[in-house]
Structure formats: C-alpha cells, structure tokens
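Worksheet for the structure shown next.
Just so it is clear, none of the values below were taken in a lab; they were calculated from the coordinates. Keep in mind that this is a model prediction, so the values were computed, not measured. Positions of Cβ are backbone-derived with ideal geometry, glycine not excepted, and every protein chain shown enters the neighbour counts.
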Amino acid sequence: MTPPPPGPVCTGASTLAGRPAPHAAAYPSFTSYVRARGPVLLRTARSLTANPSDAEDLLQTALAKTFVAWERIEDHRALDGYVRRALLNTRTSQWRKRKVDEFACEELPEPAGLPEPDPAERQALHDAMWRAVMKLPDRQRAMVVLRYYEDLSEAQTAEVLGVSVGTVKSAVSRALGKLREDPELSPVR
C-alpha cells in the first residue's frame, strides 16, 4: 500500500474547523502506522467485502477518516480498533446507500394474476362436486374416484377393478357426461 499523497486527503476537506487540512508530512507517525499495519487492516477490509478492489477502497476511506481525526486520537495504542471501527462504519454506510435497481413506472411490469378464489366458494364447489359424484352408479363412481381423486392411470384403474382399459375409458366418459349435465354444477361451466 502506498502512503497518502502529500496533498489533501480528500477533496472538499481542505479546511478543518477553519484551518488548513494537515498533510501526511505533518503526521509522520500516521505514515509509519499505515506502512506497518496496512496489510493487516486490508485483510480486515477484505473480510467485510466480496471484492478485493472494494476492500482497498474501503480501507482507503477508513484511513482518510483516521487521518482527519489523527490529532483527536488520544491513545495511539488503540489505533487498530479505531480504524476497524471506521472500516465497519464505512461499510455499513455503503451498504445502507447501496443502489437499488428498481424504478417506479406508470405500468406494472408484472401481469395481473387471477384473484384467488374465495375459500368458502371453493369449499361449496368441492361439496357440490362430491354430491354429484355420489349420484353416479357405483361402478362409474369407483372409476371416477380412482382416475381423478386418486390420480391413477386408465391401465392402473382397470387393473384395480379387474376390467379392461376400454371399459374404464367408456365408463369414465359416460360418468363425465352425467357430471356435465348435473344442475348443481351448472354455475361452474
């Protein structure tokens, strides 16, 4: 890591409390601190960011804040803690100010989905369907239940009932025709 430039640490910080900003030459102890502890502090910064370049920028910003406060730091033995706190605070500020890639617009990009059916209506439909199935002859009812409630294939339904696949197809077809004609299910159509 290179030592800070001889000019102001950051633009816009040319004056501190009405006096000119200090230069690195004014604080040789800061320069020696950065040279000695820079690699350790960079590892700390890398643990706070995913990108090594961002870690270097984060450390640079924290060191700039430390440089500006150098005269106010009373215990120079606790500098690592001060810089680590500056790293953490700076990273938290960056995280809070992160760019959000959502923009307000006139029209919503998501298509308007169908509204969820009312649970009471859904239950009423379920009850009406079951009453209609219960009106079917026993054999047709068994085939409809196995095919559509138990989700068995035509071959599996035929095997369970001991009939041919053709019998299952024709019986289920007749049963569905009766269900379509049931007056209780007419609102569904």
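Observations on the structure shown:
- Burial ranking of peptide ranges 83-92, 160-169 (average Cβ count within 10 Å, highest at the top): 83-92, 160-169
- Set of aspartates and glutamates near residue 135 by C-alpha distance (under 13 Å), chain-local residues within fewer than 8 positions excluded: 127, 181, 182, 184
- Label-to-label distance, residue 135 versus residue 105, with points set 7 angstrom from Cα along the beta-carbon direction: 5.0 nm.
- Point-charge dipole on Cβ atoms (K/R +1, D/E -1) for region 32-189, about Cα centre, debye to 20: 720
- Hits among aspartates and glutamates - C-alpha to C-alpha of residue 169 under 12 Å, sequence gap 8 or more where chains match: 154
- Most to least packed among 131-143, 64-76 [average Cβ atoms within 10 Å]: 131-143, 64-76
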